[in-house]
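Heads up: the structure comes next, in structure tokens.
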Amino acid sequence: MLEQLQARFPDLRFVASSRFCWSPQTHEIGYDQARHDQTADWSLLHETGHALLNHTQYLADFELLRLEMAAWAKARELAVDFGVTIDENHIQDCLDTYRDWLYKRSICPHCSTRALQQNDYAHYRCFNCHTVWGVTPSRFCRAYRATKNLKQHPTTPTAVFSLKKSPSEDGDF
Ligand SMILES: [Zn+2]
Ligand SMILES: [Zn+2]
């Protein structure tokens, strides 16, 4: 699949990485060398979708989900061209990891009310108890869980009134 994609899109840069990822900063598609199963091909098509749609930095959390859906729509198109069928359940599982993650970011750590992201995109504020908490930037590189039962650990909100980032959330997008 990698060779086919590279031949079809010679301008795209594919680099070996520890995971499948699209980096808008470097315009590189990272791929996990260790994975050779069917879902690896699907992930590669998905990241290529981000690249072809030229997805760049986004600000609001809801924007991330919209771009993820667009990348999968592009991956479906590419899959047809390459004679591959992407399991729709896999796509929904992947999108669910984003939905779960975004949802958990928005839950007030104090009173569990769902809150709104603030205009600085770095904080959420609870309208119920007025707690404010910082969130790290959302990103294109959520881990893709293999099955629905493998629960991903949500990003716990960073300290209240703090912009401190956890190391795992720093780095490339
Ligand atoms: Zn994606
Ligand atoms: Zn609250």
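The values are calculated or read from the model by the stated rules, or taken from the named source; none is laboratory data. In this text the structure is predicted, and so the values were computed from the model without any measurement. Neighbour counts are summed over all protein chains in view; Cβ atoms, including those assigned to glycine, are modelled from backbone coordinates with ideal geometry.
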| remark: Residue hits (segment 96-133; more than 16 Å from ligand 2 (Cβ to nearest atom) and either outside any helix (DSSP H, G or I) or at pLDDT 95 or above (or both)) are ASN119, ASP120, TYR121, ALA122
| task | Give me the pairs, please: first residue somewhere in segment 1-12 and farther than 14 Å from VAL84 by Cβ, second residue anywhere and surrounded by 10 or more Cβ atoms within 10 Å (Cβ to Cβ) and among the hydroxyl-bearing types (Ser, Thr, Tyr), beta-carbon distance under 8 Å, and either six or more positions apart or on two chains. | result | PHE9/THR48; LEU12/THR48
| Within segment 58-83, tally of residues that are at pLDDT below 90 and of a type in the set (Gly, Ala, Ser) | 1
| Qualifying residues in segment 8-18 (those that are part of a loop (DSSP other than H, G, I, E, B) and more than 17 Å from ALA71 (Cα to Cα)) - the one farthest from ligand 1 (Cβ to nearest atom) | PRO10
| remark: How many residues of segment 19-44 are outside any strand (DSSP E or B), over 22 Å from THR56 (Cβ atoms) and touching a helix residue (DSSP H, G or I) at 6+ places or on another chain (Cβ under 7 Å)? The answer is 2
| query | In this structure, is GLY30 touching a Cys at 6+ places or on another chain (Cβ under 7 Å), within 13 Å of ligand 1 (Cβ to nearest atom) and either under 30 Å from GLY134 (Cβ atoms) or without any contact (Cβ under 8 Å) to a residue 40 or more places away in the chain (or both)? | reply | yes
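Tell me, which residue of segment 43-72 that is of a type in the set (D, E, K, R) and away from ligand 1 (no atom under 12 Å from the Cβ) is farthest from ALA7 (Cα to Cα)? Outline the logic, then answer.
Initially, segment 43-72 is screened for residues of a type in the set (D, E, K, R), giving 47, 61, 63, 66, 68.
In the following step, the residues that additionally are away from ligand 1 (no atom under 12 Å from the Cβ) were identified as 61, 63.
Details: ASP61: 34, GLU63: 31 Å.
So the residue we want is ASP61.
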| remark: Note on HIS46: of the conditions (1) surrounded by 14 or more Cβ atoms within 10 Å (Cβ to Cβ); (2) within 19 Å of ARG99 (Cβ to Cβ); (3) at pLDDT below 95, unmet is (3)
| field | Condition broken by TYR58, with the remaining ones in (1) buried (at least 18 other Cβ atoms within 10 Å of the Cβ); (2) touching a strand residue (DSSP E or B) at 6+ places or on another chain (Cβ under 8 Å); (3) not in a helix (DSSP H, G or I) satisfied | value | (2)
| query | Within segment 73-119, which residues are more than 24 Å from PHE9 (Cβ to Cβ), more than 16 Å from ligand 1 (Cβ to nearest atom) and of a type in the set (Val, Ile, Thr)? | reply | ILE107, THR113
| field | Identity of the residue in segment 64-80, closer than 16 Å to GLN38 by Cα and over 12 Å from the mean Cα position of the chain (by Cα), that ends up nearest to ligand 2 (Cβ to nearest atom) | value | ALA75
